[in-house]
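Below is one structure, written out as structure tokens; the observations come after it.
The values are calculated or read from the model by the stated rules, or taken from the named source; none is laboratory data. Since the model is a prediction, treat every value here as computed from it, not as a measurement. Cβ placement follows ideal geometry from the backbone for every residue including glycine, while neighbour counts extend to all protein chains displayed.
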Amino acid sequence: MNIVHSFQELVVRGDHQGMIELLKNYEQSRPLSVNEQGWVYWNISDGYALLREPELLYANHRVFFEWGKENLAPEQLHWIVSDSTQALSLSLGNYFDHWMDWYQYACDHAPKLDTNRGARFESHRALGGSLWVLERYSEMDSVLENMNQLIQEDETWSNILFARITYNKQRLAYLYHAGEVREVNLLLDETLNLINKIDWSALDPIKNQEVVGSWRQLNSSSNSQRNVHIAMNNLACILTDIEKVEESVGLFRRLQDSGYALNGYAFSKYVCSVWKSEGVEAVKEVLGANKSFEIAELIKHSPMLSEIED
């Protein structure tokens, strides 16, 4: 069977259980290469993460880690800890500290090479973002330092723009919680100036189409307009959370003007920022112009919006 085609069909349909069963059958169909087996482990964990099944996720990911220690090249160890959805889903079953142990093992044993920089960055990004969501702010500093050191390795890295915006976003969140108002303002100005100077014509129009969760995907170029828009979207969401609402609104509107479609979570953050900066009438105008989301869905993402439901 064409495993990639069948897998991608299930991903598009959102059939997470079907994806898990497909991969388990594929695993039994023939001996797999190291990269094929790693891809299977990663996506089975991803399926359980999306199903919010922390016990099954932990059981699979623990096997992935033990297998990886014996079979992956040292440079590939960050593959195991490269996704924040998996990390956060483990936290639902109080398994998150295991993720941190696996991450530290990768940091201690993986060499810092050009060929694994993408995977290393994704593992730092996944842990930093997860610590923010879990409100474990004091533990973010070492991960942020790892990200910063990685960014300094090569100014010509193809993913440098995506990485800088993402790092700055996480550092803004960290500084905000630490009460560093002046540092937040300076870094925000620096980040917005970076975005304003982007040469969009130098970026590829679309994302690299490597298979989700593969080693190649983790290390492929993020130097596309789509990926930079994703980084800007994530930044705009954090700006809502750290009460930089005018800047958040500006970024969200720039994204929409470029044709970028906000998902329900991002749109709820946009509405929150509009409300805080421009008032209820402006919110009504925004909601009237976008019928894609029911107010109940937006409230699920941002409960404070229940105050303006009427």
Item to check | Condition check for ALA178: touching a Ser or Thr at 6+ places or on another chain (Cβ under 6 Å), closer than 29 Å to SER138 by Cα and at pLDDT 95 or above | outcome: no
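Identify all residues within segment 224-258 that are outside any helix (DSSP H, G or I) and either in contact with a His (Cβ under 9 Å, 6 or more places away or on another chain) or among the hydroxyl-bearing types (Ser, Thr, Tyr) (or both); write none if there are none.
To start, the set of residues in segment 224-258 that are outside any helix (DSSP H, G or I) comprises 224, 242-244, 258.
Once the filter is applied, which keeps residues that are outside any helix (DSSP H, G or I) and either in contact with a His (Cβ under 9 Å, 6 or more places away or on another chain) or among the hydroxyl-bearing types (Ser, Thr, Tyr) (or both), segment 224-258 yields SER224, ILE242, SER258.
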Checklist entry - Of everything in segment 119-135 that's of a type in the set (D, E, K, R) and surrounded by 14 or more Cβ atoms within 10 Å (Cβ to Cβ), which residue is farthest from TRP39 (Cα to Cα)? => result ARG125
Checklist entry - Name the helices (runs of 4 or more DSSP H) wholly within segment 1-89 that hold at least 2 residues that are out of contact with any helix residue (DSSP H, G or I) (no Cβ under 7 Å at 6 or more places or on another chain) and among the acidic types (Asp, Glu)? => result 54-71
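What's the total number of residues in segment 232-252 that are acidic (Asp, Glu) and within 17 Å of GLY128 (Cα to Cα)?
So the first thing to find is which residues in segment 232-252 are acidic (Asp, Glu), and the list is 241, 243, 246-247.
The next check asks that each one be within 17 Å of GLY128 (Cα to Cα); those that pass are 241.
Summing the residues that are acidic (Asp, Glu) and within 17 Å of GLY128 (Cα to Cα) in segment 232-252 gives 1.
Which one of LEU305, LEU262, LEU298 is over 30 Å from ARG182 (Cβ atoms), in contact (Cβ under 8 Å) with a residue 12 or more places away in the chain and in contact with a Cys (Cβ under 8 Å, 6 or more places away or on another chain)? Full working, then the answer.
Values: LEU262 fails: in contact with a Cys (Cβ under 8 Å, 6 or more places away or on another chain); LEU298 fails: in contact with a Cys (Cβ under 8 Å, 6 or more places away or on another chain).
Among LEU305, LEU262, LEU298, only LEU305 is over 30 Å from ARG182 (Cβ atoms), in contact (Cβ under 8 Å) with a residue 12 or more places away in the chain and in contact with a Cys (Cβ under 8 Å, 6 or more places away or on another chain).
Would you mention how many residues in segment 169-209 are without any contact (Cβ under 8 Å) to a residue 24 or more places away in the chain and in contact with a Phe, Trp or Tyr (Cβ under 8 Å, 6 or more places away or on another chain)?
0
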Item to check | Among residues of segment 149-167, those that are under 18 Å from VAL228 (Cα atoms) and in a helix (DSSP H, G or I), counted | outcome: 9
Checklist entry - If you take the residues in segment 204-223 that are part of a helix (DSSP H, G or I) and not hydrophobic (A, V, I, L, M, F, W, C), which one is surrounded by the most Cβ atoms within 10 Å (Cβ to Cβ)? => result GLN217
Checklist entry - When you go through (1) surrounded by 19 or more Cβ atoms within 10 Å (Cβ to Cβ); (2) free of Cβ contacts under 8 Å to residues at least 60 places away in the same chain one by one for LEU239, which number turns out not to apply? => result (2)
Next on the checklist: Of all residues being surrounded by 15 or more Cβ atoms within 10 Å (Cβ to Cβ) and part of a loop (DSSP other than H, G, I, E, B) in segment 287-310, which is modelled with the highest pLDDT? Just the residue, please.
Outcome noted: SER302
Checklist entry - Looking at (1) exposed (fewer than 13 other Cβ atoms within 10 Å of the Cβ); (2) free of Cβ contacts under 8 Å to residues at least 24 places away in the same chain, which is the one condition that is false for ASP114? => result (2)
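Conditions (1) among the aromatic types (Phe, Trp, Tyr); (2) farther than 28 Å from PRO111 by Cβ, marked per residue:
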residue	(1), (2)
GLY18	no, yes
ASN43	no, no
TYR48	yes, yes
TRP67	yes, no
